[in-house]
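The values are calculated or read from the model by the stated rules, or taken from the named source; none is laboratory data. Since this is a predicted model, take the numbers as computed values, not measurements. Virtual Cβ from ideal backbone geometry, glycine too; neighbours counted across all protein chains shown. SASA here: full protein model, heavy atoms, side chains in, ligands and nucleic acids out. Shrake-Rupley method; radii C 1.70, N 1.55, O 1.52, S 1.80 Å.
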Amino acid sequence: MTDTPDLRSASSRLETNQQWGGRFAAGPSAVMQEINASIAFDQKLWRQDIRGSLAHAAMLAKVGIISAEDERAIAEGLTTIAAEIEAGRFPFTEALEDIHMNIEARLTERIGEAGKRLHTGRSRNDQVATDFRLWVRDAIDGLDAQVVDLMRALADRAAAHAADPMPGFTHLQTAQPVTFGHHLLAYVEMLARDRGRLADCRKRLNECPLGVAALAGTSFPLDREATAAALGFDRPAANSLDAVSDRDFALEFLATAAISAMHLSRLAEEVVIWCSAPYRFIRLSDAYTTGSSIMPQKRNPDAAELVRAKTGRVTGALVGLLTVMKGLPLAYAKDTQEDKEPVFDAAGAWALSLAAMAGMVRDMTPDKARMRDFAGSGFATATDLADWLVRVLKLPFRTAHHVTGRLVAAAEAKGVDLSGLSLAEMQAEEPGITADVFSVLTVDASVASRTVYGGTAPVNVAKQAAKWQAALA
């Protein structure tokens, strides 16, 4: 056993260590070697690869395929290799193609014959399928925690602004008053569904391919249940062809990422709008904005814009992998080597977007007075007037809608809001209207009246925000 990296040439290591080397008399061309190698990106799987190998070696020893002494040597060697990689001292080489062959070759260099026994009963096909599932599962756990953090930030701000009115929009036109807290809680609900999709994805991927070998299983008496349990899987995969060849777990992960990134993009777009000069509903600090190289007055919401843009990368990863997989016959094909980069990239983009958005939510300073002013503009209480006509005068809603429309036209012509019309002007359109109607034409009265479950009444919003704060604590 040696403690120093082997400095033999890449060609020598290729000749002696490539698993398929005995079949070919000549090495691959430079182009073939480059297109075939994945070590540049699948290095990310090293922790999962070592975990899988440790579990596989322990199982081989348990069933008597390798000796306990060999299993101890393999475990010690893999632990040392993990430390080398962690410290940045591992001699990765493209000549060995991928993370699996790099680690196995290094293990054999360190411990000799015992290292060559590790691959008994498995193939790189089931090995990479297992590693990749482990990586995606780990990513899900980390991303779920980030989604929770953003939900917590939104719920906290919602609780603080449960009673602060802002305009609610449809078609980006003022529609009805809502509260800022209610608006933020809408994204908590979206993110909660994203968490549900993550949990569903994790549950479905949690089957272990290890031990099905290349495509048909193996004649060795492996204990696949033990290996699956050691790696935290619910069960071993039931079909060897499916286990090594399908990547629907990665596609489901990307689909979940794409939906969540879309939700983040919608919130980011609203942050951009809210920061803009015509609205000025919120202000972001220097921590999440940038200036201009030529216009000294600018404060640009670049963090929000970049969250919005990263959605394209995540969605593109999903479409890209769907395209890779769509025409592949069973079982394994080298095409699936192209599965990892889009998943790695999408997971990174999603994680960064979640972190940035949580930071912006905690950083933003709402202008409550300006939001309140906007909430009452654009005849935002017109629906409240129509509802009053139905509730008090018993008019059919469609009739009330028409009366309200005529009153809006009258107020628009006069240059006032609905509350700026006199009682006589209102009675000219509907004689039954009384002075009581003015009690429903304020922003506060409007939001307070929306007490139906799911409505924007401050009492509802405070209750929902508290429920989420407790659930996410």
**Prompt:** Taking only pairs six or more apart or across chains, which ones have beta-carbon atoms under 6 Å, a first residue in region 180-193 that is in a helix (DSSP H, G or I), and a second residue that is at pLDDT 95 or above and of a type in the set (Asp, Glu)?
**Reply:** Phe180/Asp164
**Message:** Test of understanding: among Asp156, Asp126, Asp149, which residue is assigned by the TED database to the domain that holds Ala192, modelled with pLDDT of 95 or more and closer than 30 Å to Asp345 by Cβ?
**Reply:** Asp149
**Prompt:** Given Arg204, Arg197, Arg193, Arg137, which one is surrounded by fewer than 21 Cβ atoms within 10 Å (Cβ to Cβ), in contact with an Asp or Glu (Cβ under 7 Å, 6 or more places away or on another chain) and not acidic (Asp, Glu)?
**Reply:** Arg204
**Request:** Might you check whether a residue that is in a helix (DSSP H, G or I), open to solvent by 40 Å² or more (accessible area, probe 1.4 Å), hydrophobic (A, V, I, L, M, F, W, C) and not assigned by the TED database to the domain that holds Ile35 occurs anywhere in region 72-93?
**Result:** no
**Fill in**
Here the residues within region 271-291 that are without any contact (Cβ under 8 Å) to a residue 24 or more places away in the chain and open to solvent by 40 Å² or more (accessible area, probe 1.4 Å) are Ala277, Pro278, Asp286, Thr290, Gly291
**Message:** Here is a list: Ala355, Ala331. Which entry is surrounded by fewer than 19 Cβ atoms within 10 Å (Cβ to Cβ), assigned by the TED database to the domain that holds Ala277 and outside any helix (DSSP H, G or I)?
**Reply:** Ala331
**Request:** Hey, could you check region 443-461 for residues that are part of a helix (DSSP H, G or I) and among the aliphatic types (A, V, I, L, M) and say which is most open to solvent (accessible area, probe 1.4 Å)?
**Result:** Val459
**Prompt:** Given the residues Leu45, Leu54, which is the only one that is under 21 Å from Cys208 (Cα atoms) and open to solvent by 50 Å² or more (accessible area, probe 1.4 Å)?
**Reply:** Leu54
**Message:** Please pick out the residue among Asp138, Asp131, Asp126, Asp149 that is touching a Pro at 6+ places or on another chain (Cβ under 8 Å) and not in a strand (DSSP E or B).
**Reply:** Asp126
**Residues satisfying the stated conditions in region 379-400, i.e. farther than 19 Å from Phe169 by Cβ, touching an Asp or Glu at 6+ places or on another chain (Cβ under 9 Å) and part of a loop (DSSP other than H, G, I, E, B)** = Leu395
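Restricting attention to region 369-424, which residues are among the acidic types (Asp, Glu) and surrounded by fewer than 16 Cβ atoms within 10 Å (Cβ to Cβ)?
Kept after step one, since they are among the acidic types (Asp, Glu), are these residues of region 369-424: 373, 384, 387, 412, 417.
Matches in region 369-424: Asp373, Glu412.
Is it fair to say Leu118 is closer than 22 Å to Ala68 by Cα, in contact (Cβ under 8 Å) with a residue 40 or more places away in the chain and open to solvent by less than 10 Å² (accessible area, probe 1.4 Å)? Please lay out each step first, then the result.
On the way: closer than 22 Å to Ala68 by Cα: yes; in contact (Cβ under 8 Å) with a residue 40 or more places away in the chain: yes; open to solvent by less than 10 Å² (accessible area, probe 1.4 Å): yes.
In short, yes.
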